[in-house]
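Quick notes on the structure that follows.
The values are calculated or read from the model by the stated rules, or taken from the named source; none is laboratory data. Predicted model, so just to flag it, every value in this text is computed and none were measured. Neighbour counts run over all protein chains shown; Cβ positions are idealised from the backbone, glycine included.
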Amino acid sequence: MSEIKNGKVKKVTPYSKPYAKSAKSGVEPDTQAYTVQFEDGTSGIMEGLINSAPVIIGGTYHYTESATSRGNTRLDIVTTPYVTKSIAAAVPGVTTADKVSPQLQKPTRTFAEAAAATKKGDPEVSVAPAKVSPHADLPDNKPRKGVVQLLKHTIETFDKGSTTKVKWYVTMEDGAKGIMWSDTVEDQPVKVGQELTYIHDKVYGDGKKITPVPEGSTVDKETMIMRMACVNSAIALLAIPDNIKNANYEPTLENTIVLAKYLEAHVMRSID
């Protein structure tokens, strides 16, 4: 095996147009090549998904170099059956808490032993039941708390390729999952280990959008929108000179809050 190197990515640019990795005819394009340059000057070509490079700028990776049939330098991220935490943390598009995934840990028995145990229903290799979030039955618009355990991202293209957004797949320690967005990979919306109070906003084909709300909030999104509308209405009413004169109300912050609460109570039908 080639020498394993370690480096920090300085620049990533598309090298080729999307192409089909399979040699079979009629296969849709699913792969794209990228030119990757490390801070030590090493550069080469890496394969990734379409509009989704296999590495991110600023990330540190273990990799190997090899020559292609055309004389170019090919770079490959190291992925072995057993790796250290530092290498596991450098797997493209994945950020984990200080743990090594079971798939990356050193195997304790041979393939044959594991296969035999599986046939017997050995609990050690049986598939564990999926973790169900304690908030599974909570309405989407109700705030809930979670601690970020895992982040993955892809680059999404809009407006016929003129706009790109980073789509983050977020997994909480309690098993809850959702989607967040950012303009760039560097503009990461949350961090692993961060405690977050959030609601589910929109629903996409592959998950629900996570929208952060103020810490300790117990108010759903619809109520927050309604209260903001009441505040805006109170400000508008207090800006009318005749209202100030007839009601003897000065446009102060305190009076704005009092009037907004009155409007909210009226909307909620708790007063006549």
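Taken together, the residues in region 1-42 that are over 23 Å from the mean Cα position of the chain (by Cα), surrounded by 14 or more Cβ atoms within 10 Å (Cβ to Cβ) and among the basic types (Lys, Arg) amount to 1.
Pairing each residue of region 196-210 that is at negative phi with any residue that is in a strand (DSSP E or B) and among the polar types (S, T, N, Q), provided the two are 6+ apart or on different chains, yields C-beta distances under 7 Å for TYR198/THR211; ILE199/THR211; ASP201/THR211.
Close Cβ contacts (under 9 Å, 6 or more residues apart or on different chains) running from residues in region 253-265 that are in the same structural domain as MET226 (by TED's automatic domain parsing) and under 12 Å from ALA236 (Cα atoms) to residues that are charged (D, E, K, R) and part of a helix (DSSP H, G or I) comprise ALA260/ARG227. Of everything in region 1-49, what is of a type in the set (S, T, N, Q) and assigned to a loop (DSSP other than H, G, I, E, B)? Give them in sequence order. Residues satisfying the conditions are SER2, SER16, SER22, SER25, THR42.
Note on region 212-240: residues that are part of a helix (DSSP H, G or I) and at pLDDT 75 or above total 14. Within region 56-66, at least one residue is more than 19 Å from LYS11 (Cβ to Cβ) and in contact with an Asp or Glu (Cβ under 6 Å, 6 or more places away or on another chain). Considering (1) crowded, with 17+ Cβ neighbours inside 10 Å; (2) part of a loop (DSSP other than H, G, I, E, B), the lone condition that LEU196 does not fulfil carries the number (2).
Quick one: count up the residues across region 41-87 that are modelled with pLDDT under 85 and either of a type in the set (S, T, N, Q) or in the same structural domain as GLN188 (by TED's automatic domain parsing) (or both). So the answer is 9.
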